[in-house]
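Trainee: Here it is: the structure, laid out below.
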Amino acid sequence: MPRVARRLLAIVPDWYPVPFGVAVVLNQLADDGIALPAGFRALIVAVFLTAAFTVAGRRLTRHRGRGTLLGLAALFVLLAGDEPVWLLIAGAIAFVLLIDLRAARTGGRAVPWARVRSGMSALGVILVVLVTLPLIGSPTVWPSAPQPPAVAGGTAARPDMFVLLLDGFGRADVLASYGYDAGPFVADLEARGFTVAAHSRSNYPTTGLALTSMLNAAPIAALGFTDSTRLEPRHIHPALEANRAFEILGDAGYETIAFSSGYELVALRSANRFVDTGQLNELEIGLAESTILEPLMDALTGDLKSNQIRARAMAMVPAVRSLAAEVSERPRFVFVHSPLPHPPFVVDSDCQPVRGGESLFVLGADGIARKTASRRAEEIRLTVGQVGCSQRLAIEMVDGILAGAGPDTVVLVLSDHGPETRLERSDPQPDAIHERLANLFAARTPARPDLFPDDITLVNVLPHLFGAYLDVDLPEQPDTVYFGMPGVGLVAVDSAP
Ligand SMILES: [Zn+2]
């Protein structure tokens, strides 16, 4: 064994709570199917926190053996937010410590501390190895360094392209059914050179499926996903990362840049640049919420998750503006994924904080989960508020893009799917399917007016876009739309544009 490794292992017995803390983070990462870089900050926090617990335990007990074990017990107490069983284990440790203290007072010794230390450190190391195993072989994507353009010349005429994805933004007719007038937003977009489609649709009802299909310009089934039990974001994610669009753009000399929505299972870390505005991501929020400190963090922030999603959506506006203003030798393809207006409901129409919670289904006495009439009315009100804020942020981003990147910039403002205020999960009705699949699609395509048909579906966005600007011939796909049906899975549905 190399000397460095031996030295490293030799310090483990004095710091064995640390591998336990590391194992907790790695386990969550592997469980959720989240890319390793997303856990970077959580791992650092886990190491420092468990080391601090160890130091504090030793100060408190003035005993290396008892103090280190007390540090481990502190970690278990912290983890007891979701799983109270950790409190029992911490209690058992406290019991052992008390017995040992009593024995020590009478000059005896109840616990063989040297053995505890070597045993626990072996256990900690084994745990880390065990939780790391599922990560081996799973595609882990690190943001790659910008590559030199494959095409040496000829990129000068290629415009920058920005895609603003407003997650869950409904089409104008869907919003009209809520009593909301999308007219001013459409007018704002048209004033900036956009054409807004009145009959666009998403081919799939969820983000992972819709984006993977769009960025590969292919239906999900053609990407190897035919088993409807394997359609969870964690299964789809590798096909999203290794998408056709980035490959074609790279070959055409583009730099690809993706903004994080905070939702790691739809992150595009395979872009040349991955921009994270720094708020807690999905993994970190999940870990924080599983600790006993959740009530405290919620009290300090209003609600931790809402607070972070809201902050991220707001932070994207200046970040997009300054990115657009950067001088670049290569044309850029920038994919900005806003977490709004998708639930949880965190802002009103003035972008001020609200605490509307998640989309809420209540299990009825008949065993069927549905929205109560009052909750549905409430969610329509909350959706309208969130839409109002989202469109304001979108216009601010568009103005920032055009100011920085210039008037020749191609900009798409679209959503991956619509809301789901009407859905009865056990029995999806045509109006609920329409609500979910009728998406926002607005395109600003300089020198190529009316590039997209009015009834565009997301799978055909790239064939039109790349055909026009990159001379790449991607075959058009059928505009088939799919919905998840209870007991059946994903099926093609007959939903009119
Ligand atoms: Zn979505």
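The values are calculated or read from the model by the stated rules, or taken from the named source; none is laboratory data. For clarity, every value in this text was computed on a predicted model and none was experimentally measured. Virtual Cβ from ideal backbone geometry, glycine too; neighbours counted across all protein chains shown.
Trainee: Name the single residue that is farthest from V461 (Cα to Cα) among those in the stretch 165-174 being aliphatic (A, V, I, L, M) and within 16 Å of the ligand (Cβ to nearest atom). Full working, then the answer.
Mentor: Of all residues in the stretch 165-174, those aliphatic (A, V, I, L, M) come to 165-166, 172, 174.
Keeping just the survivors that are within 16 Å of the ligand (Cβ to nearest atom) gives 165-166, 174.
Details: L165: 13, L166: 16, V174: 21 Å.
Here the residue is V174.
Trainee: Then there is this: Tell me, please, whether a residue that is at pLDDT 85 or above, more than 23 Å from L265 (Cα to Cα) and either buried (at least 20 other Cβ atoms within 10 Å of the Cβ) or not assigned by TED's automatic domain parsing to the domain that holds S426 (or both) can be found in the stretch 357-380.
Mentor: The answer is yes, given that some residue of the stretch 357-380 is at pLDDT 85 or above, more than 23 Å from L265 (Cα to Cα) and either buried (at least 20 other Cβ atoms within 10 Å of the Cβ) or not assigned by TED's automatic domain parsing to the domain that holds S426 (or both).
Trainee: Now a separate question. Consider only pairs whose beta carbons are under 6 Å apart and that are at least six residues apart or on different chains; among these, list those whose first residue lies in the stretch 179-197 and is closer than 23 Å to G385 by Cα and whose second residue is part of a helix (DSSP H, G or I) and of a type in the set (S, T, N, Q).
Mentor: If the second residue must be part of a helix (DSSP H, G or I) and of a type in the set (S, T, N, Q), the pairs left are F185/Q391.
Trainee: Among the residues of the stretch 474-494, write down those that are surrounded by fewer than 16 Cβ atoms within 10 Å (Cβ to Cβ), in contact with a helix residue (DSSP H, G or I) (Cβ under 6 Å, 6 or more places away or on another chain) and more than 22 Å from T195 (Cα to Cα).
Mentor: Listed by number, the list holds a single entry, G489.
Trainee: Within the stretch 242-292, restricting attention to residues that are in a helix (DSSP H, G or I) and within 16 Å of the ligand (Cβ to nearest atom), which residue is nearest to P475 (Cα to Cα)?
Mentor: Within the stretch 242-292, the subset in a helix (DSSP H, G or I) is 244-251, 264-266, 282-289.
Now narrow it down to the ones that are within 16 Å of the ligand (Cβ to nearest atom): 264-266, 282.
Values: E264: 30, L265: 28, V266: 25, E282: 35 Å.
Restricting to residues being in a helix (DSSP H, G or I) and within 16 Å of the ligand (Cβ to nearest atom), the top hit is V266.
Trainee: Does the stretch 411-432 contain any residue that is of a type in the set (S, T, N, Q), closer than 19 Å to V163 by Cβ and either surrounded by 23 or more Cβ atoms within 10 Å (Cβ to Cβ) or under 27 Å from the mean Cα position of the chain (by Cα) (or both)?
Mentor: Filtering the stretch 411-432 down to residues of a type in the set (S, T, N, Q) leaves 415, 421, 426, 429.
With the extra rule that they be closer than 19 Å to V163 by Cβ, the set shrinks to 415.
With the extra rule that they be either surrounded by 23 or more Cβ atoms within 10 Å (Cβ to Cβ) or under 27 Å from the mean Cα position of the chain (by Cα) (or both), the set shrinks to 415.
Checking the stretch 411-432: at least one residue is of a type in the set (S, T, N, Q), closer than 19 Å to V163 by Cβ and either surrounded by 23 or more Cβ atoms within 10 Å (Cβ to Cβ) or under 27 Å from the mean Cα position of the chain (by Cα) (or both).
Trainee: Can you name the number of the only condition in (1) under 30 Å from H237 (Cα atoms); (2) crowded, with 16+ Cβ neighbours inside 10 Å that F53 fails?
Mentor: (1) is the only condition that F53 fails.
Trainee: May I pose another question? Can you pull out the residues in the stretch 79-129 that are farther than 15 Å from L9 by Cα and touching a residue at least 60 places away in the same chain (Cβ under 8 Å)?
Mentor: Across the stretch 79-129, the qualifying residues are L79, A80, G81, D82, E83.
Trainee: Checking the conditions here, which among G400, G388, G404, G418 is modelled with pLDDT of 95 or more, within 16 Å of the ligand (Cβ to nearest atom) and closer than 26 Å to M316 by Cα?
Mentor: Selected residue: G418, the only one of G400, G388, G404, G418 that is modelled with pLDDT of 95 or more, within 16 Å of the ligand (Cβ to nearest atom) and closer than 26 Å to M316 by Cα.
Trainee: Can we say S359 is among the polar types (S, T, N, Q), within 16 Å of the ligand (Cβ to nearest atom), over 14 Å from the mean Cα position of the chain (by Cα) and not in a strand (DSSP E or B)? Outline the logic, then answer.
Mentor: Details: among the polar types (S, T, N, Q): yes; within 16 Å of the ligand (Cβ to nearest atom): yes; over 14 Å from the mean Cα position of the chain (by Cα): yes; not in a strand (DSSP E or B): yes.
Considered against the rule, which asks whether it is among the polar types (S, T, N, Q), within 16 Å of the ligand (Cβ to nearest atom), over 14 Å from the mean Cα position of the chain (by Cα) and not in a strand (DSSP E or B), S359 comes out as yes.
Trainee: Is one or more of the residues making up the stretch 73-84 small (G, A, S) and under 30 Å from L265 (Cα atoms)? Explain how you work it out, then say what you get.
Mentor: Taking the stretch 73-84 and keeping what is small (G, A, S), we get 73-74, 80-81.
Still in the list and also under 30 Å from L265 (Cα atoms): 80-81.
For the stretch 73-84, residues small (G, A, S) and under 30 Å from L265 (Cα atoms): present.
Trainee: Could you give me the residue pairs with C-beta distances under 7 Å whose first residue belongs to the stretch 205-216 and is outside the structural domain of V481 (by TED's automatic domain parsing) and acidic (D, E), whose second residue is within 12 Å of the ligand (Cβ to nearest atom) and not in a helix (DSSP H, G or I) wherever it lies, and which are 6+ apart or on separate chains?
Mentor: none
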